[in-house]
Amino acid sequence: MKQIIFVIMGTILVENFVLQKFLGVCPFLGVSKKMDSAVGMSGAVVFVMTLASAVTWAVNEYLLIPNELEFLRTISFILVVAALVQFVEIILKRFIKPLYKSLGIYLPLITTNCAVLGVALLNIQRTYGFGMSVLYGFSAGLSFTVALILFSGIRERLETADVPEAFKGLPIALISAAFLSLAFMGFQGLFAF
Amino acid sequence: MDLSLLIAVLIVGALGLVFGLILAIASKLFAVKKDPMVEEIINALPGANCGACGYSGCEAYAEAVAAGECDINLCTVGGEACSKELEAITGRTAGEGKRMVARVLCGGTLNNRKKDYDYSGIETCIDANLLYGGDNACTYGCLGMGDCMKACPFGAITMIDGVAFIMEDKCKSCEICVGVCPKNIIEMVPEDAAVTIVCSNHDKGGVAMKGCKVACIGCGKCVKECPVDAITVENFLAKIDYDKCINCGKCIKVCPTGAILRYNKKKKKIVKKSKPAEEA
């Protein structure tokens with residue numbers, strides 16, 4: 001139990017995927033303009049990451065390793081991620097149409113979200129077991145969620161802030177993202193897991 | 001060596017095949033049934049996505065029409081021509097919808113109104129309004145920075161002498177300006193309503209007159225003059241009930257400040273409403 005909490009908190013605070021590992025920065029900047037689409041996107045990413053961790057672990061353990069095909073890891077993992085994203089898209093289109101519309105192009109872009117591929121590859125690199133992989137995938141999704149929601153809160157405030165003309169829009173967003181990342185560095189060494 | 005190559009191809013191929021099959025089944029299982037009628041309706045609609053119909057855009061309205069959830073004459077932009085097309089598509093008949101137009105209820109042109117101070121901030125009504133309700137002495141009147149003009153997707157609004165003016169032949173009654181105006185002085189009126197009280201000032205007569213020469217002072221002369229009791233005075237502001245008004249224009253003559261005006265001068269004869277019982 002203690003270890004589960006450690007993994008979740010450690011991934012969110014110490015090893016935050018977006019703010020510390022700099023993975024998945026494209027949707028982080030792209031979908032953070034509005035809080036509700038940020039929440040929706042986060043939900044989709046958590047779902048895809050958790051499932052992707054489970055499936056890629058199985059693919060690696062039962063298909064690639066026995067056949068000594070570890071060199072195919074990246075391409076087969078991308079295949080898994082792409083299929084999962086398509087699956088999520090079909091489900092969303094059917095059941096949560098407004099969310100599907102507000103996510104727009106960023107939903108298919110989860111396919112190329114390096115955070116998803118990153119978590120799958122990290123699971124293998126760190127030789128996690130199945131349960132641990134799923135947990136790590138889930139908490140990686142949560143860390144993306146935390147970063148995205150924090151940042152979209154900041155960006156909603158930036159809309160009304162008195163920003164110098166030259167910094168309006170994306171520049172100030174990039175600067176605030178950098179500050180947020182710096183702030184998260186304060187969690188470095190909080191605990192080891 | 002050859003074998004391992006074959007195995008690699010086979011395994012990745014098999015993976016792809018399995019995922020493909022799962023996706024194919026899922027897309028069949030969770031297919032979104034799309035009504036072909038929706039597509040047709042979308043094409044018939046003007047596509048302004050203004051939301052005047054009460055739905056969040058043309059697509060949402062089209063879906064509601066196709067599902068039979070609402071009337072087919074709600075699109076004010078497309079007007080009658082559009083409802084006709086929808087009639088053809090859906091096979092239902094459209095009710096007679098009266099065309100509404102937006103009208104700015106303020107006559108405080110630059111030479112009529114007085115200024116409290118010189119505003120030199122951002123040139124939008126919403127910003128000017130934040131500073132003590134704008135530079136007008138009349139806190140109800142048009143600020144003249146043209147927020148509505150910028151918002152109008154049909155270019156139907158111009159600024160004349162510091163007051164917004166809506167060209168009613170261009171107005172598509174999307175009501176966007178109504179929502180944009182920080183003073184809430186734009187009102188939707190029936191197109192054939194010719195006589196309008198062009199003031200929104202709820203101050204007492206004396207206060208209103210200090211701010212603007214053409215303010216309604218709530219004297220009630222028009223109420224007495226009106227042959228069909230279409231006018232009422234509430235909170236020192238006269239209001240016309242357009243359902244009762246017969247466009248006779250008697251109130252215009254008695255108004256001491258000139259706050260009542262006639263619109264649509266040319267259309268007066270054509271669009272006269274149901275005949276009055278008798279002009280008493």
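The values are calculated or read from the model by the stated rules, or taken from the named source; none is laboratory data. Since the structure is predicted, the reported quantities are computational estimates derived from the model, not experimental observations. With ideal geometry, Cβ positions are generated from the backbone for all residues, glycine too; neighbour counts draw on all protein chains shown.
A compact table of results
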read-out	value
Set B:Cys255, B:Cys212, B:Cys245, B:Cys216: member being over 24 Å from B:Leu110 (Cβ atoms) and surrounded by 20 or more Cβ atoms within 10 Å (Cβ to Cβ)	B:Cys245
Which listed residue, of B:Glu63, B:Glu40, B:Glu85, is in a helix (DSSP H, G or I), of a type outside the set (A, V, I, L, M, F, W, C), within 14 Å of another protein chain (Cβ to nearest Cβ) and touching a residue at least 24 places away in the same chain (Cβ under 8 Å)	B:Glu63
Matching entry among B:Cys53, B:Cys70 (being at pLDDT 80 or above, outside the structural domain of B:Ile176 (by TED's automatic domain parsing) and under 18 Å from B:Glu175 (Cβ atoms))	B:Cys53
Residues of segment B:62-97 satisfying the condition of being touching an Asp or Glu at 6+ places or on another chain (Cβ under 7 Å) and exposed (fewer than 14 other Cβ atoms within 10 Å of the Cβ)	B:Thr93, B:Gly95
Restricting segment B:219-242 to residues that are more than 19 Å from B:Ala194 (Cβ to Cβ) and hydrophobic (A, V, I, L, M, F, W, C), the residue that is surrounded by the most Cβ atoms within 10 Å (Cβ to Cβ)	B:Leu237
Filter pass, B:Ile160 being closer than 24 Å to B:Asn112 by Cβ and either modelled with pLDDT under 90 or surrounded by fewer than 18 Cβ atoms within 10 Å (Cβ to Cβ) (or both)	yes
Lone unmet requirement of (1) within 14 Å of another protein chain (Cβ to nearest Cβ); (2) in contact with a Gly (Cβ under 9 Å, 6 or more places away or on another chain); (3) within 18 Å of A:Val59 (Cβ to Cβ) for A:Thr111	(2)
Subset tally (residues that are free of Cβ contacts under 8 Å to residues at least 40 places away in the same chain, surrounded by fewer than 15 Cβ atoms within 10 Å (Cβ to Cβ), in contact with a helix residue (DSSP H, G or I) (Cβ under 9 Å, 6 or more places away or on another chain) and of a type outside the set (D, E, K, R)) for segment A:30-74	2
Tally of residues being part of a loop (DSSP other than H, G, I, E, B) and not charged (D, E, K, R) across segment B:119-133	8
Segment A:87-104, residues that are facing chain B (nearest Cβ under 7 Å) and surrounded by 20 or more Cβ atoms within 10 Å (Cβ to Cβ)	none
All helices (runs of 4 or more DSSP H) inside segment A:77-193 with 2 or more residues being among the acidic types (Asp, Glu)	A:130-160
Complete set of residues in segment B:177-211 that are part of a helix (DSSP H, G or I) and among the small types (Gly, Ala, Ser)	B:Gly179, B:Gly205, B:Gly206, B:Ala208, B:Gly211
For B:Val18: the one exception among (1) within 14 Å of chain A (Cβ to nearest Cβ); (2) not charged (D, E, K, R); (3) not in a helix (DSSP H, G or I)	(3)
Selection status of B:Val101, crowded, with 23+ Cβ neighbours inside 10 Å, out of contact with any helix residue (DSSP H, G or I) (no Cβ under 7 Å at 6 or more places or on another chain) and in a strand (DSSP E or B)	yes
Residue within segment A:17-25 that is assigned to a helix (DSSP H, G or I) and under 14 Å from the mean Cα position of the chain (by Cα) present	yes
Residue satisfying all of: in segment A:65-81; within 8 Å of chain B (Cβ to nearest Cβ) and in contact with a Ser or Thr (Cβ under 9 Å, 6 or more places away or on another chain); nearest to B:Gly20 (Cα to Cα) among these	A:Val80
Segment B:245-271 residues that are modelled with pLDDT of 85 or more, paired with ones that are exposed (fewer than 14 other Cβ atoms within 10 Å of the Cβ) and assigned to a loop (DSSP other than H, G, I, E, B) (beta carbon under 7 Å, 6 or more apart)	B:Cys248/B:Glu279
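A quick yes/no check of all residues on (1) surrounded by 14 or more Cβ atoms within 10 Å (Cβ to Cβ); (2) over 21 Å from the mean Cα position of the chain (by Cα):
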| residue | (1), (2) |
| --- | --- |
| B:Ala24 | no, yes |
| B:Phe30 | yes, yes |
| B:Lys33 | no, yes |
| B:Gly51 | yes, no |
| B:Glu59 | yes, no |
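Matching residues to (1) away from chain B (no Cβ under 14 Å); (2) under 23 Å from B:Ile25 (Cα atoms):
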residue	(1), (2)
A:Gly40	yes, no
A:Ala44	yes, yes
A:Tyr62	no, no
A:Tyr106	yes, no
